Amino acid sequence: MLDFTYFAPTKIHFGRGQISHLSELRQSGDRVLLCYGGGSIKRNGIYDEALRVLGEAGIQVFELDGVEPNPRIQTVRRGVELCRSNGIDMVLAIGGGSSIDCAKVVAAGARYDGDPWDLVIHPQLIEAALPIYTVLTLSATGSEMDAFAVISDLEKNEKWGTAGSALLPTMSVLDPSYTFSVPARQTAAGTADMMSHTFENYFHFEPGSFLQERLAEGILKTCIHYGPIALAKPDDYEARANLMWASSHAINGLVSEGCSPAWCVHPMEHELSAFYDITHGEGLAILTPAWMEHVLDERTAPVFARYGRNVWGVGETDDMAIAHEAIRLTREFFFRTMGMPATLREVGITSDEHFAVMAKKAAAGSKGSFVELSEEDVEQIYSAAL
Ligand code: NZQ
Ligand code: ZN
């Protein structure tokens, strides 16, 4: 196991009714910028409930609404301006990863003199941020408990992840009942996203991180068990609760510290979103089995076999046979059990015209990963997924 420093300071209030803890925002001041998306929080009542608690705590609310899935830098700039012109003390995101990521970069942008896009492409410039609070409404990205944010400039076909300890939320409210209204398509995409975060950390050659591997397998089994239950019965509290806690732990360092490989499927997906504005989790589900097949060889087979044995209970003895079966089961889970789109064509990507330029950028991101990918490798994976 490698040496590491684990820092996960976000206070979590988990369970029904925990939104009452928004009164704790008072510790950071009395003017909050509330960041949210296209209106789901108004339809399901969370918005009204939040305003009631904040009002009772004497907190004045300013709003950044309309945060897009794949949040845009233009929206971040609007948020930074609101912070500057209203003397905002803290930001509160209510929503999924997009609202949270946008709020994080707004919070850092409010403490930075230049354009917030600098903070997206140069994470080392993130030195400070306004305090960040979140109320999670979609289990997927883990942004509620991690130091990352992903922002797009679709006018330039750019989508990049940034990171910094200043982006770690101070406190997050995780009420699984808030995810009852998440549509089936987003429930599936979110489940695929947290599985992909776990895969990115789980497939590596670093010896001795037995505990992290078993924790990762537990998260994967949780997704495989509860994902279909949440689809069949959206208000199943037990399923929504387990998925919610899995999303936070897939990416908060618990399963990555000590083995920390670079991620390679995410950089490939971010290029798909940058060029075609597709749903992150769907892109990951489409790419993952194609990536697994592409990197499977004699050297990687034992690692895929460990996945097949421990997560899927495949009973064969030959590593290569187990690996093939595990990939088949992964494919079947995403595309049959969870009903997700299985090809890039199904999400509207009908030609390979941008694959070469996308592959160039994505291959650079795979340095230090389980299997480093060349531009040609990435192009082949995109073509296989088409
Ligand atoms: O915008 P609203 O109206 O809120 O609707 C959203 C949106 O349409 C809807 N939704 C969310 N909660 C709901 C709900 N609908 C009904 N009921 C609810 N309770 O779901 C749609 C998708 O929301 P979004 O926030 O975009 O989804 P997600 O949480 O998957 O976030 C995706 C973004 O996060 C980035 C992705 O790249 C993408 O930009 N990621 C962030 C990461 C991080 N910060 O660590 C890591 C990830 O790998 C990922 O890259
Ligand atoms: Zn992801």
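For residue 196, the criteria (1) hydroxyl-bearing (Ser, Thr, Tyr); (2) in contact with a Ser or Thr (Cβ under 8 Å, 6 or more places away or on another chain); (3) away from ligand 2 (no atom under 16 Å from the Cβ) hold in every case but one, which is (3). Within the stretch 71-108, being in contact with a Ser or Thr (Cβ under 7 Å, 6 or more places away or on another chain), surrounded by fewer than 22 Cβ atoms within 10 Å (Cβ to Cβ) and over 21 Å from residue 171 (Cα atoms) holds for one residue alone: 72.
Among the residues of the stretch 232-256, those that are part of a loop (DSSP other than H, G, I, E, B) and of a type outside the set (Val, Ile, Thr) comprise 233, 234, 235, 236, 250, 252, 253, 254, 256.
Rundown of residues vs (1) under 22 Å from residue 156 (Cα atoms); (2) without any contact (Cβ under 8 Å) to a residue 60 or more places away in the chain; (3) within 21 Å of the chain's Cα centre (by Cα), yes/no style:
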residue: 27; (1), (2), (3): no, yes, no
residue: 31; (1), (2), (3): no, yes, no
residue: 39; (1), (2), (3): no, yes, yes
residue: 51; (1), (2), (3): no, yes, no
residue: 91; (1), (2), (3): no, yes, yes
residue: 103; (1), (2), (3): yes, no, yes
residue: 107; (1), (2), (3): no, no, yes
residue: 116; (1), (2), (3): yes, yes, yes
residue: 122; (1), (2), (3): yes, yes, yes
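Taken over the stretch 124-168, the criterion of being within 16 Å of ligand 2 (Cβ to nearest atom), more than 16 Å from residue 251 (Cα to Cα) and either in a loop (DSSP other than H, G, I, E, B) or open to solvent by 20 Å² or more (accessible area, probe 1.4 Å) (or both) is satisfied by 160 alone. Counting residues in the stretch 313-336 that are of a type in the set (Phe, Trp, Tyr) and in contact (Cβ under 8 Å) with a residue 60 or more places away in the chain gives one or more.
Please indicate, with yes or no, whether at least one residue in the stretch 169-191 is within 16 Å of ligand 1 (Cβ to nearest atom), under 24 Å from residue 4 (Cα atoms) and in a loop (DSSP other than H, G, I, E, B). Yes, the stretch 169-191 has at least one match. Being touching a residue at least 40 places away in the same chain (Cβ under 8 Å), in a helix (DSSP H, G or I) and under 29 Å from residue 151 (Cβ atoms) is a property that holds for residue 290. For the stretch 226-239, the criterion of being within 22 Å of residue 296 (Cβ to Cβ) and in contact with a helix residue (DSSP H, G or I) (Cβ under 7 Å, 6 or more places away or on another chain) is satisfied by no residue at all. Of the residues making up the stretch 217-230, not a single one is within 22 Å of residue 185 (Cα to Cα), open to solvent by 20 Å² or more (accessible area, probe 1.4 Å) and within 16 Å of ligand 1 (Cβ to nearest atom).
The values are calculated or read from the model by the stated rules, or taken from the named source; none is laboratory data. Please read these numbers as outputs of a predicted model, since none were measured by experiment. Glycine gets a Cβ as well: all are built from the backbone with ideal geometry, and neighbour counts include every protein chain shown. The protein model used for the area step is the full one, side chains on, heavy atoms only, and it has no ligands, DNA or RNA in it. Shrake-Rupley method; radii C 1.70, N 1.55, O 1.52, S 1.80 Å.
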